[in-house]
Amino acid sequence: MRRFVLALLGVILFANLLGWVVAAQPEVIEGIVLYDMHLISQESLPHWTPRWTGPIQAATILAMLAELGHSSLMPDLNGDGLIDELDTIELADNFGLGSMRTETDVGTNDARLVVGLARYVAEQYPGEFVLKIYDDGFPAEFQAETGDSFEPDAIPGIVLQLMGEPTLNAYKVELESLEGVIVGLEEDPDRNNTYLSGRSLLFDATPEGYTPVDFAWAVEDRWEPGHQGQVLETVGWMAERMVVEYRGDWTPVEFMLALSPWDRPEISDSPYSCPPDAIAYDVTETPTPYGRVEVEECVEREGDVDKYTWTVTNIDFLIDGCGICMFAVPNPGLPILDHDEPSGVAFSPAAFAYRWYASIGSCGIMPGNSGVFSVSVPGPTVDVPVPGAVGGCIPAGPCALSTIEIAGIRTTGPRIVADCPDLVAAIDDVSCVLKPTVGAPSNIYQLTVWAHVTNIGGAPATVPTDVLLRGLGPYTGSMTEAPVPPLGSGDVHAVIMTFTVTADAPPCPLEFVVVADIHDDVEECDEENSVYGSTCCTGEPDGAIGACCLPNGICVDVTVADCDAAGGSFQGPGTDCATTDCGEPGDCPDLVVEILRAECSCTYSDKQFAEYSFTVSALVRNAGSAPSPATTASVSPGGDTESVAALGVGLTDLITFSFEVSGGRMCAEVEETIVVEVDPVPGECDEDNNSDEYDVECH
């Protein structure tokens, strides 16, 4: 079965991923195209004619939505054990011969298309979908067809929502939301519309002001074997109404519909277990400006196919209250044989990257959850360190994909084996600690990187070379080199490299790059030898000065020890009273806790007893008028505790609890009340708002 694919055009090349690692930034995305939609031809069955475009496009968008997780929309209608284009053809035929009445004198008009599609979806997923209709004249068409007045609940089990006239902006928003979009072209006012399924758009207009778009088109593709529809590549623009260029003429879009599920669930997969016979296995954790991300990668080989699987776990990554909605790793130019992803996520390959996106409205992989992504490629390949990326979630509005923020991460991925030397560096471990200085205060941090260089090419590297460790961002002047001997094909050489940086506070993140063959001594298959990393240093500088808020509201610049001795709240090394507001005398801190999310699932322990696993995320905010010192939060049931950071006025700290509670011999659906409570701090304004409750259902 050809898989449904969401491809994003014109994104940043992975050769420029340094920007992803150094800082989060908007991703440059020029457009969106839904590749591998089922392109069904109007000649697929002997009795089909050009009048069948309505049933064909209805079945096409249902096949797309089934791939995105609503599997009951496209059952195995022909009973061959596969869900593919043959089932889409059969569903279209059922529509045309049934509810959409394509072969009658009237044929499939807008009202019959909507009624037939809505009734089918309502039967499969009652109460879970909305069908948005863009056509001001549709209520009259609906009443003429059904004899009933048009109402949102006119068809039980689905909401019909009238949206006004079709516009290009509406088309963009619906397509980016991964909704099933059908447009009706008015070729002749005296005939039914010709229907097409929305497939793509580019965000930037042509010099003439047109928007490039394309559609799934039911006209037979004579260049393909068998029966297959075409992709209609064209442009659209807004005159007095939305029009597209069709068969050489500007043709009005008289009608448009968008089929959408009400809910966009979080992305959460069960943990993937890498088999013992896997040919590679790596785990990396990367701190980003938005929180930490762990990637567990597993490579399996079956014959001449290599399958790469990445389990992406959100430790505490949040942007605007949502988690990870995009994941990407480089594609070295290998054909994609197969792919898999969590429900509600679309695969988005480009010439240089494997990438996945969740739709508008999804909050993606939230803290504590994981998503499992995989691609299968022709083997043999080698598993090498690569710069990956994760991104935030898509805001509402047209062309919103062009504005998502991304952050670089470390992971591993495929590389093509060639008959030449190819040196790659990999990071094994990292440490950054305060370096003691005898007889004097110290603010020097030492970064230590354990790494290895591997010749993954098919030929030996016959000359010695060097590997470089260099800091990034404000630490680009810090670097060191280590020698690497000649390496035969498959040989590995381990190195330990260090450098120091001076800082008034522990650098976090401290970002760096490791580069093999820094002086280009070896002529390699691929001269891209860099691997990026980051870590957070530990240890407070001895004697470091910072702002200290005393209980009476006065601010003094002292060491943390002197601040603690005076009963004050230390604001951190490098802060000063000139920029610190300690509030007025009599001001007080006030910690308020809000449970953002709580989840529960039931599994069986090794002793075959039910065990309920809880994940709870809560936000602690200082709503008072004075800074609060660090304290502790606890959760019940479970009794686990987590530390809460010192908070300035208005600042917040996200805390996450993960714990298990034993049950009986059988898992049962139960409701549990979760309570998170924060220990009061000295002088708190109000201690009655230090807890919050959240009811969660365990399944």
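The values are calculated or read from the model by the stated rules, or taken from the named source; none is laboratory data. The structure presented is a predicted model; accordingly, all values stated were derived computationally and were not measured. Note: ideal-geometry Cβ built from the backbone for every residue, glycine included; neighbour counts use all protein chains shown. These area figures cover heavy atoms from the full protein model, side chains too; ligands, DNA and RNA do not enter into them. Shrake-Rupley method; radii C 1.70, N 1.55, O 1.52, S 1.80 Å.
Considering only region 296-310, state which residues are in a strand (DSSP E or B) and either more than 18 Å from VAL377 (Cβ to Cβ) or open to solvent by 40 Å² or more (accessible area, probe 1.4 Å) (or both).
Of everything in region 296-310, those that are in a strand (DSSP E or B) and either more than 18 Å from VAL377 (Cβ to Cβ) or open to solvent by 40 Å² or more (accessible area, probe 1.4 Å) (or both) turn out to be GLU296, GLU300, ARG301, GLU302, VAL305, LYS307.
In this structure, does GLU528 turn out to be open to solvent by 50 Å² or more (accessible area, probe 1.4 Å) and modelled with pLDDT under 80?
Values: open to solvent by 50 Å² or more (accessible area, probe 1.4 Å): yes; modelled with pLDDT under 80: yes.
Yes: the conditions hold for GLU528.
Here are the criteria: (1) hydrophobic (A, V, I, L, M, F, W, C); (2) surrounded by 20 or more Cβ atoms within 10 Å (Cβ to Cβ); (3) within 25 Å of ASP564 (Cα to Cα); (4) touching an Asp or Glu at 6+ places or on another chain (Cβ under 6 Å). Tell me which single one ALA645 does not satisfy.
(2)
Restricting to region 53-102, and then to whatever is out of contact with any strand residue (DSSP E or B) (no Cβ under 8 Å at 6 or more places or on another chain) and among the hydroxyl-bearing types (Ser, Thr, Tyr), can you tell me which residue is nearest to TRP356 (Cα to Cα)?
Only one residue tops the list, namely SER71.
Of all residues in region 644-692, how many are of a type in the set (Asp, Glu) and closer than 14 Å to ARG597 by Cα?
2
Which residue, of ASP76, ASP87, is among the charged types (D, E, K, R) and in a loop (DSSP other than H, G, I, E, B)?
ASP76
Could you run through region 16-64 and say how many residues are at pLDDT 85 or above and either assigned to a helix (DSSP H, G or I) or surrounded by 24 or more Cβ atoms within 10 Å (Cβ to Cβ) (or both)?
Residues meeting the conditions: 17.
I need the full set of residues from region 680-697 which are over 19 Å from CYS600 (Cβ atoms), hydrophobic (A, V, I, L, M, F, W, C) and either open to solvent by less than 40 Å² (accessible area, probe 1.4 Å) or at pLDDT 85 or above (or both), in order please.
Listed by number, the list holds a single entry, VAL681.
Would you mind finding the one in ASP221, ASP269, ASP277, ASP263 that is of a type in the set (Asp, Glu), open to solvent by less than 50 Å² (accessible area, probe 1.4 Å) and within 30 Å of GLU294 (Cβ to Cβ)?
The unique qualifying residue is ASP269.
I'd like the full set of residues that are open to solvent by less than 40 Å² (accessible area, probe 1.4 Å) and hydrophobic (A, V, I, L, M, F, W, C), limited to region 311-337.
Within region 311-337, VAL312, PHE317, ILE319, CYS322, ILE324, CYS325, MET326, PHE327, ALA328, VAL329, LEU334 meet the criteria.
Checking LYS132 against (1) in contact with a strand residue (DSSP E or B) (Cβ under 6 Å, 6 or more places away or on another chain); (2) in a loop (DSSP other than H, G, I, E, B); (3) charged (D, E, K, R), which test does it fail?
All conditions pass for LYS132, except number (2).
Could you check, for region 621-631, whether at least one of its residues is among the basic types (Lys, Arg), farther than 25 Å from ILE315 by Cβ and in contact with a strand residue (DSSP E or B) (Cβ under 7 Å, 6 or more places away or on another chain)?
Checking region 621-631: not a single residue is among the basic types (Lys, Arg), farther than 25 Å from ILE315 by Cβ and in contact with a strand residue (DSSP E or B) (Cβ under 7 Å, 6 or more places away or on another chain).
Okay, residues lined up against (1) of a type outside the set (A, V, I, L, M, F, W, C); (2) more than 33 Å from the chain's Cα centre (by Cα); (3) assigned to a loop (DSSP other than H, G, I, E, B):
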position	(1), (2), (3)
GLY209	yes, no, yes
VAL213	no, no, no
THR234	yes, no, no
PRO287	yes, no, no
VAL293	no, no, no
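Only one of these is buried (at least 16 other Cβ atoms within 10 Å of the Cβ) and assigned to a strand (DSSP E or B): ALA505, ALA494, ALA482. Name it.
ALA482
Conditions first: (1) without any contact (Cβ under 8 Å) to a residue 24 or more places away in the chain; (2) closer than 30 Å to SER362 by Cβ; (3) in contact with a helix residue (DSSP H, G or I) (Cβ under 6 Å, 6 or more places away or on another chain); (4) among the polar types (S, T, N, Q). SER71 passes all but one, so which condition is the exception?
Every condition holds for SER71 apart from (3).
Could you check region 162-199 and list, in sequence order, the residues that are of a type in the set (Gly, Ala, Ser), surrounded by 22 or more Cβ atoms within 10 Å (Cβ to Cβ) and within 26 Å of the chain's Cα centre (by Cα)? Show your work before the answer.
First pass over region 162-199, keeping only residues of a type in the set (Gly, Ala, Ser): 164, 170, 177, 180, 184, 197-198.
Remaining after also requiring surrounded by 22 or more Cβ atoms within 10 Å (Cβ to Cβ): 180, 184, 197-198.
If the condition is that a residue be of a type in the set (Gly, Ala, Ser), surrounded by 22 or more Cβ atoms within 10 Å (Cβ to Cβ) and within 26 Å of the chain's Cα centre (by Cα), then GLY180, SER197, GLY198 are the ones that fit.
Quick grid of which residues meet (1) modelled with pLDDT of 95 or more; (2) within 25 Å of MET37 (Cβ to Cβ); (3) open to solvent by 20 Å² or more (accessible area, probe 1.4 Å):
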position: ALA92; (1), (2), (3): yes, yes, no
position: ASP105; (1), (2), (3): no, no, yes
position: VAL114; (1), (2), (3): yes, yes, no
position: GLY157; (1), (2), (3): yes, no, yes
position: LEU160; (1), (2), (3): yes, yes, no
position: LEU201; (1), (2), (3): no, yes, no
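For region 440-462, check the following and say yes or no: at least one residue is under 36 Å from the mean Cα position of the chain (by Cα), surrounded by 20 or more Cβ atoms within 10 Å (Cβ to Cβ) and part of a loop (DSSP other than H, G, I, E, B).
Yes, region 440-462 contains at least one residue that is under 36 Å from the mean Cα position of the chain (by Cα), surrounded by 20 or more Cβ atoms within 10 Å (Cβ to Cβ) and part of a loop (DSSP other than H, G, I, E, B).
List pairs: first residue in region 79-107 and without any contact (Cβ under 8 Å) to a residue 40 or more places away in the chain, second residue open to solvent by 60 Å² or more (accessible area, probe 1.4 Å) and of a type in the set (D, E, K, R) anywhere in the structure, Cβ distance under 8 angstrom, at least six positions apart or on different chains.
Here the result reads LEU86/ASP80; LEU97/GLU103; SER99/ARG119, each pair linking region 79-107 to a residue that is open to solvent by 60 Å² or more (accessible area, probe 1.4 Å) and of a type in the set (D, E, K, R).
So which of ASP557, ASP562 ends up being modelled with pLDDT of 75 or more and surrounded by fewer than 17 Cβ atoms within 10 Å (Cβ to Cβ)? Explain how you work it out, then say what you get.
On the way: ASP562 fails: modelled with pLDDT of 75 or more.
From the options ASP557, ASP562, the qualifying one is ASP557.
Go through region 342-362 and give me each residue that's closer than 13 Å to PRO332 by Cβ and either at pLDDT below 80 or in a loop (DSSP other than H, G, I, E, B) (or both).
Initially, region 342-362 is screened for residues closer than 13 Å to PRO332 by Cβ, giving 349-354.
Scanning region 342-362 gives PRO349, ALA350, ALA351, PHE352.
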